[in-house]
Amino acid sequence: MPADDIVTPGGISIPSSSMTWRFSHGTGPGGQGVNTSDSRVELRVDLTALDAGGDVVDRVRGVLGDSIRIVAATERSQLRNRETALRRLVQRLDVAAAVDPPRTPTRPTRASVKARLESKRRQAQIKARRHDLGDDA
């Protein structure tokens, strides 16, 4: 297990004290070794302990909640599954911390403006015909 804090490329610091590791028997390839080795890795991280600047922690906790659980059991080796779990954790934190760029409003197309005005004109003609029928009676 890593003894140091982990820092994501986005600058989020994950204290090692906030990470809890569990190991269990994996499933899948590995032959008889699957029954004896604890290669499946479960990583739980308390997101209340994250350290980052600004409102990054609030954004991450808003998306992921107060804790996150990551399970890795694809590899035959516990070490590789640990590395996979840490890689997934870093990726999820950075994705959750990302800010969506504001939408740039665009002008309506010429065709959509023309269609809208044509529709308004047709609707006005229909309503105008209603009034003409009422005058004859």
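Heavy-atom accessible area per residue, segment 61-137, 1.4 Å probe: how many Å²?
Numbers: 6340 Å² over 77 residues.
Here the per-residue accessible area is 82 Å².
Which value, in debye to the nearest 20, describes the size of the charge dipole of the chain about its Cα centre when Lys and Arg Cβ atoms bear +1, Asp and Glu Cβ atoms bear -1, and nothing else is charged?
Numbers: 23 positive and 17 negative charges, 224 e Å.
Charge dipole of the chain: 1080 debye, to the nearest 20.
By the scheme Lys and Arg +1, Asp and Glu -1, what is the net charge of all other residues having a beta-carbon under 14 Å from that of Leu89?
Values: positive: Arg44, Arg69, Arg82, Arg87, Arg88, Arg92; negative: Asp5, Glu42, Asp46, Glu83, Asp94.
Around Leu89, the charge tally is +1.
Could you look at the chain and say what percent of its accessible area is carbon and sulfur, using a 1.4 Å probe and all protein chains? Can you show the working numbers first?
Numbers: 4960 of 9710 Å².
The nonpolar share, carbon plus sulfur, comes to 51 percent.
Return the Cα extents of the chain along principal axes one, two and three, sorted largest first, each rounded to a whole Å.
95, 42, 28
Give me the net charge of Arg76's neighbourhood, meaning all other residues with Cβ under 15 Å from the Cβ of Arg76; Lys, Arg count +1, Asp, Glu -1. Mind showing how you got there, number by number?
Working: positive: Arg40, Arg80, Arg82; negative: Asp38, Glu75, Glu83.
The answer is 0.
Applying the Karplus parametrisation 6.51 cos²θ - 1.76 cosθ + 1.60 with θ = phi - 60° to the phi angles of segment 65-74, what ³J(HN,Hα) value in whole Hz is obtained for each residue in order, glycine and proline being reported as x?
Result, rounded to whole Hz: x, 7, 8, 9, 10, 10, 10, 10, 9, 7.
Roll a 1.4 Å probe over the protein heavy atoms and report the accessible area of Glu83 in Å², nearest 10.
90
Pop a pseudo-label 7 angstrom from the Cα along the beta-carbon direction at both Thr27 and Arg130 and give the gap in nm to one decimal.
6.4
How do the peptides 46-56, 68-78 rank, highest first, by the average count of neighbouring beta carbon atoms within 10 Å per residue? Don't skip to the answer; put the middle values down first.
Details: 46-56: 14.7, 68-78: 16.5.
Final packing ranking: 68-78, 46-56.
Return, ordered by residue number, the residues of segment 42-63 whose backbone nitrogen is under 17 Å from a label point located 7 Å along Cα→Cβ of Ala98.
56-57, 59-63
The values are calculated or read from the model by the stated rules, or taken from the named source; none is laboratory data. Not measured: the values here are computed from a predicted model. Quick reminder, even Gly has a Cβ in these numbers, built from the backbone with ideal geometry, and neighbours come from all protein chains shown. Ligands, DNA and RNA are excluded from the accessible area calculation, which covers all protein heavy atoms including side chains. Shrake-Rupley method; radii C 1.70, N 1.55, O 1.52, S 1.80 Å.
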